[in-house]
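Peer 1: My questions all concern the structure below.
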Amino acid sequence: MLPIISTKPRTKVCIWKMLYSFPKKEKLKSKKLIEQLFEEGKSVSNYPIKLIYLNTTLPTDVKIQAGMAVSKKRFKSAVKRNRIKRLLREGYRLNKPLVFNNIEGNFAFLFLYIGKEMPQYKDVEKGMQAVFKKLIKQTADENTD
RNA sequence: UCAGCAGGUCACCUUAUCGCCGCGCCAAUGGUGCGGAGGAAAGUCCGGACACCAUAGUGCAGUAUAGCGGGUAACGCCCGUCCACCUAAGGGUGAGGACCAGUGCAACAGAAAGAAUGUACAGAUAAUGCUGUAGUGAAACCAGGUAAACUCUAUGCGGUGCAACGUCAUGUAAAUCAGUGUUUGAGGGUGCACGCCCGAGCUGAAGGGUAGGCGGUUAGAGCUUUUGGGUAACCAAGAGCCUAGAUAAAUGAUAGGGGCAUUCUAACGUAUUAGGAAGAAAUUCUGAAACAAGUUUAGAAUGAACAGAAUCCGGCUUAUGACCUGCUUUUUUU
RNA sequence: GGCCCCGUAGUUCAAUGGAUAGAAUAGAAGUUUCCUAAACUUUAGAUGCAAGUUCGAUUCUUGCCGGGGUCA
């Protein structure tokens, strides 16, 4: 069990460490799945982030596998591409409970950065939350149909 | 001070919280400890190591290099040196072998650009030949110029690249059609010929399946330092150290603290100067105001480049911030 | 990650180291026509960038920049 340090404002939400982790087996790695995503997947977009998702069976026993991608055409520098991917990963990691608690079934996610300029973390986080809200709404509509 | 030239160093540090990857331990899916990008990790331009194909063979073809000497595992790299060129100087640049083997090329201009010798003037002479000057041009210095023209000479180079290669797993279709071949040898060993070797498949068409794991994979021509040798590149010996291993691809996010640089503001503080006084004079004393440089303190604002390992090393090239040292004196200011 | 190939007008292609880089098409202006098309006349427009060799580079050499292909 983690010691809870009440003086730091951020730590009060970190009750379960599991909740905010993003280990290897939750990463989307299979080439097959990714190709399938692009062919059959549905998408939700909220500038500057686009999410492609697909309800499917996964090779490992986790609920969601997620990957991040940045176009090489938009960002030529490898440093910038890495930076954006890291920001996306942080954005996903810290907002994971939003999805985990409000969705049914197994999913594969792929986050694309479709902006043209280097983002700040705040922008990414905002975009992430908006995308998740849209996603939850959309999936709920599909289930009711 | 500015400008230029050469060489070198470093690539902000740290705390908290959350998170990622590797290894070790506890011990069992968690906890804990340690470690986690670069000088260029980049371009892939050279050279190797390593792996497979003959223990990598011979000749031709092809290709690279080019003063001389040295260093190196090797090099197209580095060091020394001669020569040529550039620069005011410090210094920099150089594919710098051979047109007494052969072939080709030279626009325009010019009499003439190759086995060519014209014209004018002068000299000399019995006379011609001859000698010098003139104009064109990049070249007309005559057994001419040109080899980053073919070529010749010398030397090096077998090919393919870690998606090499080995191995385990999964899966279908060892199927179908056409051509060719099995000792009269297909096809292969990356161009051709020879030689050596493998030996039943190979090629094309349409179509089907898998595109996962492990090894290779990080201790090395390694790094730091001392002594000795060498003008230097570098070499030898001793001591110490272990220093990233991801694979849709880790090394991050957030919030503070400190240091550094630049600019501005305020304060501190003086060389110097107008002026004044003393003195025969040199000079001494006093000194308003203002500018620039320097130093210290306080506050505020701004900023910190280029860029991300992918089998591993040695170079080269390109991108890029700051600081330090030495040299030069054509110029700028005092 | 490795290994290859290609850069000429807006587009498709030419040009042996030698005068002002050529052609087709597209563009612009004009003539003709009541208007348009066609035709005719005129016109503007390019060697990816930077060095080197050369008297002289689109062409030869080197380094960058950009684009494309291939591999189990």
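Every number in this text was worked out from the coordinates using simple rules, so none of it is lab data. All figures in this text were calculated on a predicted structure; none of them were measured in a lab. No Cβ is skipped: glycine too gets one built from the backbone with ideal geometry, and neighbour counts run over all protein chains shown.
Peer 1: Just to verify a result, which residue in the range A:19-60, among those that are under 15 Å from the mean Cα position of the chain (by Cα) and of a type in the set (D, E, K, R), is surrounded by the fewest Cβ atoms within 10 Å (Cβ to Cβ)?
Peer 2: The extreme case among them is A:Lys24.
Peer 1: Scan the helices (runs of 4 or more DSSP H) fully inside the range A:33-145 and keep the ones with 3 or more residues being touching a Leu at 6+ places or on another chain (Cβ under 9 Å) and closer than 21 Å to A:Tyr20 by Cβ.
Peer 2: Once the helices (runs of 4 or more DSSP H) in the range A:33-145 are filtered for at least 3 residues that are touching a Leu at 6+ places or on another chain (Cβ under 9 Å) and closer than 21 Å to A:Tyr20 by Cβ, what remains is A:96-100, A:121-144.
Peer 1: Further question: Return the total of residues in the range A:61-101 being β-branched (Val, Ile, Thr), surrounded by 15 or more Cβ atoms within 10 Å (Cβ to Cβ) and near RNA strand B (Cβ under 6 Å from one of its atoms).
Peer 2: So the answer is 0.
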